[in-house]
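Here the structure comes first, spelled out in C-alpha cells, and everything after it is commentary.
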C-alpha cells in the first residue's frame, strides 16, 4: 500500500506531504488544492501504466488532460516538479521509496531524476537500511535517453542502461533483464501505482446499455457491463452486497439490485432495481429511472467490490448527490468494505454531514488542504496537528466547525504566529 506522497512544486503545492491511511478524508475550501492532490495520483497511475509523461499531463486522443495541462503542472516560476512516495513491500520489515523529478520545458516533459530505494528495518531500529535499486544520472540536453544505473549486488555505480526519458524509468525497467531484487522492487512499486483508481462516477453516463466489461471505467459508465461479466457465483455475491448497502439509502424499500444481458446477442447489459413500499406490490426500475444519488452510490460500492486487494481508490466529492442524512451510511460502507477488501480509499468532501458522520474517531485520518497566507502555496495538514483543535471541538462538531470556516481560521492564526 502507498503510505506517503510528498509533493514539490506540483501545481499549487510548493512542498507538502500527504499521509495515506485505510480511509483518508481531504477537506478544504474551494481552490485550496484538493483536486491538485488527486491529480498527482492520477499522473502516477498513468505514467506507471506506460503512458508517456507529456501525454499523461496534456492528454491525447484517448486521454483527457490533467487539469491545467502542461502550463499549470509546475508551481510558477519552477520548471520542474518532484513526487516522492513511500510504499509498503511484501515483507513486514521493508518499504520502498520512489522519487521522480520531471522537467517541463514548453512542449516537453521528461525525466530529470528518478530513483528507487529499498528500505529495510531492523527489529530494534526505526532508521532503515537503504539499498538503491536504481537511479539516474543527468544527461546532455540533446541526448534522447537518460542513463539509469541498476544495482548488481556488488560495489560500484551499477549496471548502466540508457532508457527513454519521455517515459518513467520504472515503467521501462519492468521489461529489462535485471537482478532479482531489482525486478521484485520494480514490480511491487509498479503494481501499486497501476492500481490507483481515480473514480468520478457520472450518473448520466450510467443510464444506457453497456457491453460486458472486465474493467470499470473512470466515470462508472459501464457499471452494468462489469457486473454482468462476473462469473455466476461472484455476480450473485456482489449483487447481494449491493442490495444490502442500497437498502439503507432511500425511503423506498429496495428488494433487489441486479444486472442481466439484453439484446439479440446478449453481449450488452442493463442495471435493474426492484423496489416498493411495505404492503404494496413491488416494481422494477432500470438505470434510466434511478436517481443520480442512487446511481453514484451504486457505482462507488461496485468499485469497492471489484477493485483488486491492495488498490487505492480515489473519489472526489464522494457524497455528491446523497442526502445529508445518509452520510453515515456512506462512511460506514467505505470503512467496512475497504477493510474487508483490503482497499485504501482517499475521498474529498465539502459536506459537514459527512464530517459529523465520520466523528472524532476519524480525526487522525482527516487532512486539511489550505493556502499559505504569504506565498499562496497549497499546504496539507493533518487535522489532529492543529493546535487549537481540542478547544474547537469543545465548541461544536466537525461539521459545524467546517461549515463555519473555523478550521481554516485556526490555520490562518497559526500561520501568522
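At-a-glance table
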read-out	value
At 1.306 mPa s and 10 °C, Stokes diffusion of the chain via Kirkwood alpha-carbon radius, µm² per second	68 µm²/s
Longest to shortest principal axis, alpha-carbon extents of segment 89-168, angstrom	49, 27, 18
Between 0 and 90°, nearest 10: helix 292-306 axis offset from the chain longest Cα axis	50 degrees
Neighbour-count ranking [beta-carbon atoms within 10 angstrom, fewest first] of 341, 288	288, 341
Relative pair counts by distance (%), Cα atoms of segment 265-417, 5 Å bins	2, 7, 14, 16, 15, 15, 10, 8, 5, 4, 2, 1, 0, 0
Mean separation of Cα contacts under 8 Å (6+ apart) over length of segment 204-294, as relative contact order %	25 percent
Value of relative contact order over the chain, rounded to a whole percent, pairs C-alpha under 8 Å and six or more apart	16 percent
Degrees, to the nearest 10: 232-247 long Cα axis against longest axis of the chain	70 degrees
Helix-derived mean residue ellipticity, 222 nm - over the chain, DSSP H n ≥ 4, -39500 (n - 2.57), to 500	-8500 deg cm²/dmol
Segment 160-212-segment 353-417 distance, computed between alpha-carbon centres (Å)	34 Å
Inter-part distance where segment 89-151 and segment 289-313 are each reduced to a Cα centre, Å	34 Å
DSSP beta bridges in the chain [antiparallel fraction, %, rounded to 5]	80 percent
Relative frequency of Cα-Cα separations exceeding 22 Å in segment 131-274, percent	59 percent
Using alpha-carbon coordinates, inclination of helix 406-416 to the longest axis of the chain, degrees	20 degrees
Volume per residue of the C-alpha convex hull in segment 214-294, rounded to whole Å³	111 Å³
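Coordinate-derived values only; no laboratory data. What you see is a predicted model; the values in this text were computed from it and never measured. All Cβ positions, even for glycine, are placed from backbone atoms using ideal geometry, and neighbour counts span all protein chains on display.
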